[in-house]
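> One structure, pasted below without further comment.
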Amino acid sequence: MSDRLSLPARAPHAAPEPSPQGSGRGAALRRAAPLAAVLLVAVFLRFFRLTATGFNSDEAVYSGTSASLAGDPELGSLFPVFRAHPVLFQSLVSLALRVRPGDWAARAVPALLGAATVALTYALGRRLYGRRAGIVAALLLAVMPYHVAVSRQVLLDAPMTLAATGALYCVVRYAESLSPRDLLATGAMLGLTFLAKETSIVLLGSLYAFFALTPSVRTRWRHLLPALGVLGVVALAHPLSQALAGHAKAGGNYLLWQMFRKANHPYGFYGREVPFAMGLLVVVAAVAGLVRLRRENTWRERLLVCWVAVPALFFTVWPVKGFQYLLPAAPVFAVLAGRTLASFPRAVRWQRAGAAAAVCAVVVATAVPTVLAVTQSPTSTRFLAGSGGLPGGREAGRWVRANAPDGARLLAIGPSMANVVQYYGLRPVSALSVSPDPARRNPSYRPVPNPDRAMRDGTFQYLVWDAYTARRTPFFTAMFRDLVGRYHGKAVFTARNANGVTVVVVYRVRAS
């Protein structure tokens, strides 16, 4: 890669782009029309049938936390405000819940933030490679299955990706100008990224790698130290709020559990899942551009590669591998793919037709899985955390809320379905699979040390079976079946998915 520092916003290889004919309001509208159309697509795909499926486990937890912040007395007793993560995003969701309580309002917040990320990706692509590349990049992110799926859920990753993309934009400005103001803005945006989700601190490693490998972008200590100070001041809001609330140990306990828990996926998980979720042609176009345009690569491409490579390596080694953890890489792949597709020659008509056909092919191939996902109900009993809602959980919880008496307690196989039923049912739900060993369980969960004794004592009046947990934990599923048989379990509610497959069953039990 060449280390030539280029001050203009357009990359050296970007073709000149003709200005729209005319002037004034008409020309401005013609310039804005493509981006407006892309944003309409982004908003439509993120809001269409937004609540067709109920929450999954993480959504239930974050929405419950948000409802607690909004002053909901029922959910406040079941979902404490301080668990493990910062509460910046939950605070935003709580504002929406004050206006309109319910699933739609909670999911609308990340959906809007996801659409804002599409607009910011356009700004990033335009600054790096020109307006045409920015439009293509924004369109690819607007229809990308990975980004659409995650930004339709009440998860921390959509707001974290918006803030991370803003930080990346500020780094680009700093690399172009070496202005300390841009580095201070980078520190502030990274601080907000941390407050959205604390694991995003790994992006500091991306910046370190970029600056270490790019001597042409010199960082001076008098620029760097104030920027780190701004990051620290913004990020300090998380531990400070926990300390003032008397929950200083919550984050530390959660971190220790995450570091030493058993890996939930093999090392090849991201390589197997994420390229297809992003769109295989998007990934191919991004990588092909790095190779085909290698003689024109500068600090720009090095920055984008470092931004993706360090988190990918970190989370591959980290024991916990969530499907959505690499979402900040999605705008980068969209920008790199946009660069490739915008670089095709357009000197004559057949070249312009070929370039347009290539863009259409990549966009359509990426959009089709997204459209199918948002227009069809889930039918599989294989559930990947972070990939969408949990069919049957909302229905089971609402049945519990309407039929289980006040004071009733429930026992599920695992904490995932327990969280969902607890959120919708407003009844406490425990889980069989929570380990009694504090070093081997999420500190937020409480174990049931002797389930048989608890059943004999009448602690639980209902048992909840679900197909998703049953596939993953045969040992605890067998224990659950034994409890159902021993304590005269009677199925009082059954939920099925779109294919008619049973996914949730609620049993009423009685002590011997």
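The values are calculated or read from the model by the stated rules, or taken from the named source; none is laboratory data. Because the structure is a prediction, the values reported are computed rather than measured. Here Cβ is always computed from backbone atoms with ideal geometry, including for glycine, and neighbour counts include all displayed protein chains.
> Limited to the range 477-509, what total is found for residues that are charged (D, E, K, R), over 21 Å from S433 (Cα atoms) and more than 35 Å from the chain's Cα centre (by Cα)?
Residues of the range 477-509 that are charged (D, E, K, R), as a first pass: 481-482, 486, 490, 496, 508.
Those left that are additionally over 21 Å from S433 (Cα atoms): 490, 496.
Narrowing the set further to residues that are more than 35 Å from the chain's Cα centre (by Cα) leaves 490.
Residues meeting the conditions: 1.
> Right, something else. Regarding S77, is this residue in contact (Cβ under 8 Å) with a residue 12 or more places away in the chain and surrounded by fewer than 19 Cβ atoms within 10 Å (Cβ to Cβ)? Give the steps one after another, and end with the answer.
Values: in contact (Cβ under 8 Å) with a residue 12 or more places away in the chain: no; surrounded by fewer than 19 Cβ atoms within 10 Å (Cβ to Cβ): yes.
Spelling it out, it is not the case that S77 is in contact (Cβ under 8 Å) with a residue 12 or more places away in the chain and surrounded by fewer than 19 Cβ atoms within 10 Å (Cβ to Cβ).
> If the requirement is being at pLDDT 90 or above and assigned by TED's automatic domain parsing to the domain that holds M144, which of these qualifies: V371, V464? Write out each step before concluding.
Numbers: V464 fails: assigned by TED's automatic domain parsing to the domain that holds M144.
Answer to the check: V371.
> Look at F314 and say whether it is at pLDDT below 95, closer than 20 Å to T161 by Cα and in a helix (DSSP H, G or I).
Values: at pLDDT below 95: yes; closer than 20 Å to T161 by Cα: yes; in a helix (DSSP H, G or I): yes.
Answer is yes for this residue.
> Among the candidates P328, P391, P369, P378, which residue alone is closer than 26 Å to T65 by Cβ and surrounded by fewer than 21 Cβ atoms within 10 Å (Cβ to Cβ)?
Numbers: P328 fails: surrounded by fewer than 21 Cβ atoms within 10 Å (Cβ to Cβ); P391 fails: surrounded by fewer than 21 Cβ atoms within 10 Å (Cβ to Cβ); P369 fails: closer than 26 Å to T65 by Cβ.
Only one candidate qualifies: P378.
> Does V429 fit the bill of being closer than 30 Å to A52 by Cβ, among the β-branched types (V, I, T) and not assigned by TED's automatic domain parsing to the domain that holds P80? First the steps, then the outcome.
Values: closer than 30 Å to A52 by Cβ: yes; among the β-branched types (V, I, T): yes; not assigned by TED's automatic domain parsing to the domain that holds P80: yes.
Criteria met by V429.
> From V484, V504, which residue is touching a residue at least 12 places away in the same chain (Cβ under 8 Å) and in contact with a helix residue (DSSP H, G or I) (Cβ under 8 Å, 6 or more places away or on another chain)? Working first, answer last.
Values: V484 fails: in contact with a helix residue (DSSP H, G or I) (Cβ under 8 Å, 6 or more places away or on another chain).
The conditions single out V504.
Per-residue answers, yes or no, for (1) in contact with a helix residue (DSSP H, G or I) (Cβ under 7 Å, 6 or more places away or on another chain); (2) of a type in the set (A, V, I, L, M):
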{"site": "A288", "(1), (2)": "yes, yes"}
{"site": "E296", "(1), (2)": "no, no"}
{"site": "R300", "(1), (2)": "yes, no"}
{"site": "A309", "(1), (2)": "no, yes"}
{"site": "P328", "(1), (2)": "yes, no"}
{"site": "A334", "(1), (2)": "yes, yes"}
{"site": "R339", "(1), (2)": "yes, no"}
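> Would you say G54 is surrounded by 19 or more Cβ atoms within 10 Å (Cβ to Cβ) and either part of a helix (DSSP H, G or I) or modelled with pLDDT under 95 (or both)? Spell out how you get there, then give the answer.
Working: surrounded by 19 or more Cβ atoms within 10 Å (Cβ to Cβ): yes; either part of a helix (DSSP H, G or I) or modelled with pLDDT under 95 (or both): yes.
So G54 fits the description; yes.
> Identify all residues within the range 57-115 that are β-branched (V, I, T) and more than 23 Å from A431 (Cβ to Cβ); write none if there are none. Outline the logic, then answer.
Residues of the range 57-115 β-branched (V, I, T): 61, 65, 81, 87, 93, 99, 109.
Within the range 57-115, V87, V93, V99, V109 meet the criteria.
> Count, please, the residues in the range 64-79 that happen to be part of a loop (DSSP other than H, G, I, E, B) and touching a helix residue (DSSP H, G or I) at 6+ places or on another chain (Cβ under 7 Å).
Going through the range 64-79, the residues part of a loop (DSSP other than H, G, I, E, B) turn out to be 70-72, 77-79.
Checking the rest, the ones that are also touching a helix residue (DSSP H, G or I) at 6+ places or on another chain (Cβ under 7 Å) come to 70, 78-79.
Counting residues in the range 64-79 that are part of a loop (DSSP other than H, G, I, E, B) and touching a helix residue (DSSP H, G or I) at 6+ places or on another chain (Cβ under 7 Å) gives 3.
> Applying the selection to the range 147-177, what residues are of a type in the set (A, V, I, L, M) and farther than 30 Å from A52 by Cα? I'd like the intermediate steps shown before the answer.
So in the range 147-177, the residues of a type in the set (A, V, I, L, M) come out as 148-150, 154-156, 158, 160, 162-164, 167-168, 171-172, 175.
Matches in the range 147-177: A167, L168, V171, V172, A175.
> A418: of a type in the set (A, V, I, L, M) and in a helix (DSSP H, G or I), yes or no?
Values: of a type in the set (A, V, I, L, M): yes; in a helix (DSSP H, G or I): yes.
So A418 passes the test.
> Collect the residues in the range 72-91 that are among the small types (G, A, S) and at pLDDT 90 or above, keeping them in residue-number order.
S91
> Assigned by TED's automatic domain parsing to the domain that holds I201 and buried (at least 24 other Cβ atoms within 10 Å of the Cβ): is that true of A106 in this structure? Even if it seems obvious, please write down each step before you answer.
Numbers: assigned by TED's automatic domain parsing to the domain that holds I201: yes; buried (at least 24 other Cβ atoms within 10 Å of the Cβ): yes.
Yes.
> Looking only at the range 97-154, how many residues end up being over 20 Å from the mean Cα position of the chain (by Cα) and among the hydroxyl-bearing types (S, T, Y)?
Count: 1.
> Of all residues in the range 458-495, which are among the basic types (K, R) and either surrounded by 15 or more Cβ atoms within 10 Å (Cβ to Cβ) or part of a loop (DSSP other than H, G, I, E, B) (or both)? Before you say what the answer is, go through the steps one by one.
Applying the first criterion (among the basic types (K, R)) to the range 458-495 yields 471-472, 481, 486, 490.
The answer is R472, R481.
> Residues to consider are V282, V287; find the one that is more than 15 Å from S206 (Cα to Cα) and surrounded by fewer than 18 Cβ atoms within 10 Å (Cβ to Cβ). Steps first, please.
On the way: V282 fails: surrounded by fewer than 18 Cβ atoms within 10 Å (Cβ to Cβ).
The match here is V287.
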